[in-house]
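K.L.:
I have a structure here, written as structure tokens, and I will follow up with some questions on it.
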Amino acid sequence: MNRPLFISLDGPKGVGKTTLLEAITKVLRADNKKVIRLCEKKSDPNRSETMALVNRLARNPALDLEREVCAHFADSRAWISEHVLPKQPPGSIILMDRWYPSDAVFRRLVPFAEILQLNMERNVRTPDLHVGVVTTPEISWARAAARTRGLSSTVMHKLEEHIACTKAFEQEVANHGWVLCRNEGTIEDATMQIISEIYRLPGCL
């Protein structure tokens, strides 16, 4: 494996992405793989400006404003694609917490096909492996409610919204051939499913 492999985990809140990322990292490093953990929001140089737009959208939902939010996120990913991802060590495995598939969860008014086109036009890097993590919405909503930060969100306030977004996300996973990880059993089972998919990637020895 020469160039870094780029893997994104996306999905609704409370599905266990962070726990899975930690477990996957542990397994890969135990197998002497060089793992780089990145998070879109921590790598975005314009995060405060983007979130100001997101907060405006939360207060006053509108199609044009949501398109502007999507464009800002795409521009940030383009910057990360150009300035962050290429600097990672050769032979490493980059695990990204959220990438453009997450827009399939959280956007309300802009069709995902349009968002995907935005990202492609801006040369946002396509992950070598997209993993869509889901659970039954009631399970992930309860998990999110039990977290220290609770259900605080700029985009998701009701279980009904969460159910609709989970359904929409699963449909996009199917539409685009991403790997679906249904994280409802043991964390070990979900972890090994993703590990097996990583080891199937060309160049991952």
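The values are calculated or read from the model by the stated rules, or taken from the named source; none is laboratory data. Fair warning: this is a prediction, and the values are worked out from it, not measured in the lab. Reconstructed Cβ throughout: ideal geometry from the backbone, glycine too, with neighbour counts over all protein chains shown. Heads up: the accessible areas ignore ligands, DNA and RNA and are worked out on the full protein's heavy atoms, side chains in. Shrake-Rupley method; radii C 1.70, N 1.55, O 1.52, S 1.80 Å.
K.L.:
Of (1) among the aliphatic types (A, V, I, L, M); (2) at pLDDT 95 or above; (3) assigned to a helix (DSSP H, G or I), Ala145 satisfies all except one. Which?
P.N.:
Of the numbered conditions (1) among the aliphatic types (A, V, I, L, M); (2) at pLDDT 95 or above; (3) assigned to a helix (DSSP H, G or I), the odd one out for Ala145 is (2).
K.L.:
A further question on this structure: Please tell me if Trp178 is at pLDDT below 95, surrounded by 16 or more Cβ atoms within 10 Å (Cβ to Cβ) and in contact with a His (Cβ under 8 Å, 6 or more places away or on another chain).
P.N.:
Criteria not met by Trp178.
K.L.:
Another question about this same structure. Only residues in the stretch 16-40 that are farther than 18 Å from Val84 by Cβ count as the first member; pair them with residues that are surrounded by fewer than 13 Cβ atoms within 10 Å (Cβ to Cβ), Cβ under 8 angstrom, at least 6 apart or cross-chain, and list the lot.
P.N.:
Ala23/Glu188
K.L.:
I'm checking my understanding of the structure. Among residues of the stretch 183-205 that are modelled with pLDDT under 95 and under 29 Å from Pro111 (Cα atoms), which one is surrounded by the fewest Cβ atoms within 10 Å (Cβ to Cβ)?
P.N.:
So the residue we want is Glu184.
K.L.:
May I ask you to list the residues in the stretch 44-82 that are touching a helix residue (DSSP H, G or I) at 6+ places or on another chain (Cβ under 7 Å), under 17 Å from Asn123 (Cα atoms) and part of a helix (DSSP H, G or I)?
P.N.:
Cys70, Ala71, His72, Phe73, Ala74, Ser76, Arg77, Ile80
K.L.:
Kindly establish whether Arg3 is under 18 Å from Pro127 (Cβ atoms), open to solvent by 10 Å² or more (accessible area, probe 1.4 Å) and either of a type in the set (Ser, Thr, Tyr) or more than 12 Å from the chain's Cα centre (by Cα) (or both).
P.N.:
Yes; evaluated as a whole, the condition is true for this residue.
K.L.:
I would also like to ask the following. For the stretch 85-106, give me each residue that is crowded, with 19+ Cβ neighbours inside 10 Å and part of a loop (DSSP other than H, G, I, E, B).
P.N.:
Residues satisfying the conditions are Arg98, Trp99.
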